[in-house]
Structure formats: structure tokens, C-alpha cells
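Student: I'd like to ask some things about the structure below.
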Amino acid sequence: MSFEIAPSRILRGLLWGLHGLAWLALGLAALPLAVQGLAATLVGLSLFGWAPPPACRLRTDRDGVLHYCAGFDPDAPWLACQVAGASHVTPLYCSLILRPQNPESVQRGAMQRGALRILILPDSLPSEDFRRLRVWLRRWSAHAH
């Protein structure tokens, strides 16, 4: 099975909404104007410094290995990964921690503490694909533990 994971509009909306609430709270707070301005600037930098997670592709195999590919470029390399036990799968989201089988082949800066982290929300891929991915992840996490 193969899955194309697009950036989530839900995640972008949550991010903008929560930053808007932070700006509103700062505006209503009984703080000196200079402190409000500095804090509002930091909230803005936080928002505009954030980049949405890049699009990626996932491919599963019958041996329980999940293959990861950054972007939709057909010539991009696939990376064989194991799904870490700390990954979390629910009907609302999948939080995946992928441990590459060959970490030396991963681009510098793409991994955090030796793993790739991916958040998949329901609007990141078609609903039937989201369901199939969750089923596959639950099946193989049950075999791994």
C-alpha cells in the first residue's frame, strides 16, 4: 500500500487560531504596553517561523517495514523505517516516530534524536487511505510488542 501525505489544513487552522487567541489574551492582559508589544512580537515570530510539515509518501510492505519518502518527486529515494513503539494511532490522528534502518542515508536536519516524526491528521490524505494506514499501523504495532 502507498499513501501520499499532504500538509494538513486542520493543523494550519489550529495554529493560526491558537496564535490569534494568544494575541487576544495579550491585548486583554493588564501588562505594560512595552511588555504587550514584545510578547505580541514573539507570538508573531513563533507563528511566522513555523513551517508546515512537508508532504511525504509512505509505503508499507508485508514484513512490517514502513518506507518513507520526502515529497512527491518520483525520483526521490525511499527510506526503510521501523515504527517506534511510542507512535500513537487514533481515529483523530496518527503520530508516527520512524526509526530509519540506515540512518546515515537521511538528510542532515531531517531527524530529531535519531528518528523521523510525522503527524498525520484525517485531512492529510483520503479518508479510506487514512483508515487503511491506521489498520496497518495497529496490526504491525501489535506484532512488534
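Yes/no matrix, rows are residues, columns are (1) touching a helix residue (DSSP H, G or I) at 6+ places or on another chain (Cβ under 7 Å); (2) of a type outside the set (D, E, K, R):
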residue: E4; (1), (2): no, no
residue: A51; (1), (2): no, yes
residue: L79; (1), (2): yes, yes
residue: V83; (1), (2): yes, yes
residue: V89; (1), (2): yes, yes
residue: C94; (1), (2): yes, yes
residue: P100; (1), (2): no, yes
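Student: If I ask for residues that are of a type in the set (V, I, T), closer than 20 Å to R117 by Cβ and in a helix (DSSP H, G or I), which ones from segment 1-60 would you list?
Tutor: The one that is of a type in the set (V, I, T), closer than 20 Å to R117 by Cβ and in a helix (DSSP H, G or I): I10.
Student: Right, another one. Here is a check on your reading of the model: is A76 touching a strand residue (DSSP E or B) at 6+ places or on another chain (Cβ under 7 Å), loosely packed, with under 14 Cβ neighbours inside 10 Å and under 23 Å from L125 (Cβ atoms)?
Tutor: In short, yes.
Student: Now, a different point. Which pairs turn up if I take residues in segment 113-134 that are at positive phi and look for partners that are β-branched (V, I, T) and surrounded by 14 or more Cβ atoms within 10 Å (Cβ to Cβ) with beta carbon separation below 8 Å, at least 6 apart in sequence or on another chain?
Tutor: none
Every read-out reported here was derived from the displayed coordinates using simple, explicitly stated rules and does not represent laboratory data. Since the structure is predicted, the reported quantities are computational estimates derived from the model, not experimental observations. All Cβ positions, even for glycine, are placed from backbone atoms using ideal geometry, and neighbour counts span all protein chains on display.
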